[in-house]
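S.K.: Handing you this structure, nothing more for now.
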Amino acid sequence: MIQKVLNKYRIESFFVISLMILPFLPTWGSLDKIGQQYLFLSFLQICNSLYLYSVSNKSDFKLTILECSLFGTLFISLASFFASDFLLQSWIEFMRLAIYVMVFFNLTFTLKRVKNIDKLLLAVLLFFLTSESIAVLVDFLKIYEFDNPFGRSRLVEGLSSNLNVGAFSILIKVPLIIYFLNKTKSFFYKLLLYIILAFSFFSIFIMSSRGALIGIIVFSVLFISFSIFQYFRKNSLLDLFIYLFILGITFLSHSYLFQNRTDFRVTSRLVSFQGDNSTNYRLGYYKDAVDAILIHPILGMGIGTWKVNSIGFIGEKMQEYEVPYHVHNDFLQFGAETGIIGMFFYLSIFLIPLVIILRKLLKSKPNQDVFLDFLLMSALIIFTIDSCINFPKARPYTMINILFYLAIINHYYFYHQYI
């Protein structure tokens, strides 16, 4: 099926597959790749937009609820310029947001134009997952010593430039493996998918992001609940047992390999929240962001200005010249920068699809295939967790994952629900 799409729609396929290049872009001497990634995305999406405009039916354009949320977010962000004291920062952040919206609409129009290209989108995500996991494992093998194992280290970031970003980028694609396991009948492909699942879990354990570890627990609970839900339809829990077995084996393997570093064990990381500096800093940032929202409830302080305006909130808490670029909660930061309305518009991008998918799952018939629904619901929940404790909006590397999912959601759940 994917081969037919590649043969018949080569240009559309080219633009989708080109997104695979994103995590492999060189640093060119910089500490982070986000500048290169935004530049690459902007050039690629402008070309893609021009092509789609030339071949699309202009009269077929109608807005869905999800698209209204995206446009509302863009509009409020633009309106917040009136409250901004740092227009250059606001312009940069607004253009980054516009690039994300462009990626979403290009994927949406491609899905409308090309039948079954959603399978190619999911295959690209699976390629991302495999590449990310292998990159982390290669880094691990380069520096690991059994007698003197390393602690939490940036040397195992893999293709990302941040441990938390990399761990959540892998985690958000783990539900994809469950989806493909249900779709394939080949023993070889199932075995390959189970290996990728094991690599993914082990990579997350190595990166030791506490948020991602909690995300694994949340997803496991979701999958157990979904499997029980499915059991009354298909009388099979085999996939669940294999999933739990692989999760258990990777957990025990990590514990054994790092038995001389008790502080780096998964259980130690999970129980080390209380009194931890990073946790205390985050709680302080959340309070500062809430204060900013209460002071500037209408238009906020201006999109993209938190990294400057935060200095006035943290005051004596600032260590030397360490300035918090991010709140470590994208929803609160968006509220501080664009006001309460802007925060709710941004929230609605993820909450509206989540509610609609959950309703569809609960109302589905016994013979109905709901694995795609489960995949998309899980991805939205994992991204929401990430957004509540990190800053995925600032990372194209992370956002490309959710944009793929949102485009598929828009196509399947909102296409016939126009405004």
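S.K.: Looking at region 142-179, which of the residues that are outside any helix (DSSP H, G or I) and modelled with pLDDT of 90 or more is surrounded by the most Cβ atoms within 10 Å (Cβ to Cβ)?
M.R.: 172
S.K.: Taking residue 108 and the conditions (1) buried (at least 20 other Cβ atoms within 10 Å of the Cβ); (2) modelled with pLDDT of 95 or more, which numbered condition does it fall short on, given that it satisfies the others?
M.R.: So residue 108 meets the others, but not (2).
S.K.: Test of understanding: among 141, 163, 191, which residue is under 25 Å from residue 28 (Cβ atoms) and out of contact with any Leu (no Cβ under 9 Å at 6 or more places or on another chain)?
M.R.: 163
S.K.: Checking the structure you have, find out if any residue of region 230-237 is in contact (Cβ under 8 Å) with a residue 24 or more places away in the chain and in contact with a helix residue (DSSP H, G or I) (Cβ under 6 Å, 6 or more places away or on another chain).
M.R.: no
S.K.: Taking the condition of being more than 14 Å from the chain's Cα centre (by Cα) and closer than 17 Å to residue 217 by Cα, how many residues in region 157-183 meet it?
M.R.: Going through region 157-183 one residue at a time, the tally reaches 2.
S.K.: Let me ask another. Can you pull out every residue in region 47-98 that is acidic (Asp, Glu), crowded, with 19+ Cβ neighbours inside 10 Å and over 14 Å from residue 109 (Cβ atoms)?
M.R.: Matches in region 47-98: 93 only.
S.K.: What residue, of 94, 109, is farther than 28 Å from residue 306 by Cβ, of a type in the set (Phe, Trp, Tyr) and more than 17 Å from the chain's Cα centre (by Cα)? Break it down stepwise before answering.
M.R.: Details: 94 fails: farther than 28 Å from residue 306 by Cβ.
Unique residue meeting the criteria: 109.
S.K.: Here is a follow-up. Checking residue 310 against (1) buried (at least 20 other Cβ atoms within 10 Å of the Cβ); (2) of a type outside the set (Asp, Glu); (3) at pLDDT 85 or above: exactly one of these is not met. Which one?
M.R.: Residue 310 satisfies every listed condition except (3).
S.K.: Looking at residue 378 and the list (1) outside any helix (DSSP H, G or I); (2) buried (at least 21 other Cβ atoms within 10 Å of the Cβ), which single condition is not satisfied?
M.R.: All conditions pass for residue 378, except number (1).
S.K.: Select from region 174-229 the residues that are in contact with a helix residue (DSSP H, G or I) (Cβ under 7 Å, 6 or more places away or on another chain) and among the basic types (Lys, Arg) and write down the one among them that is farthest from residue 154 (Cα to Cα).
M.R.: 190
S.K.: With the condition kept exactly as written, say whether any residue in region 334-352 is at pLDDT below 90 and either surrounded by 19 or more Cβ atoms within 10 Å (Cβ to Cβ) or not in a helix (DSSP H, G or I) (or both).
M.R.: Kept after step one, since they are at pLDDT below 90, are these residues of region 334-352: none.
No; the residues of region 334-352 include none that is at pLDDT below 90 and either surrounded by 19 or more Cβ atoms within 10 Å (Cβ to Cβ) or not in a helix (DSSP H, G or I) (or both).
S.K.: I need a count of the residues in region 227-261 that are aromatic (Phe, Trp, Tyr) and at pLDDT 90 or above.
M.R.: Selection size over region 227-261: 4.
S.K.: Applying the selection to region 387-396, what residues are buried (at least 24 other Cβ atoms within 10 Å of the Cβ) and either in contact with a Leu (Cβ under 8 Å, 6 or more places away or on another chain) or among the aromatic types (Phe, Trp, Tyr) (or both)?
M.R.: Across region 387-396, the qualifying residue is only 396.
S.K.: A further question on this structure: Can you confirm whether residue 253 is within 19 Å of residue 169 (Cα to Cα), in contact (Cβ under 8 Å) with a residue 12 or more places away in the chain and among the polar types (S, T, N, Q)? Reasoning before the result, please.
M.R.: On the way: within 19 Å of residue 169 (Cα to Cα): no; in contact (Cβ under 8 Å) with a residue 12 or more places away in the chain: yes; among the polar types (S, T, N, Q): yes.
No, not satisfied.
The values are calculated or read from the model by the stated rules, or taken from the named source; none is laboratory data. Please read these numbers as outputs of a predicted model, since none were measured by experiment. All Cβ positions, even for glycine, are placed from backbone atoms using ideal geometry, and neighbour counts span all protein chains on display.
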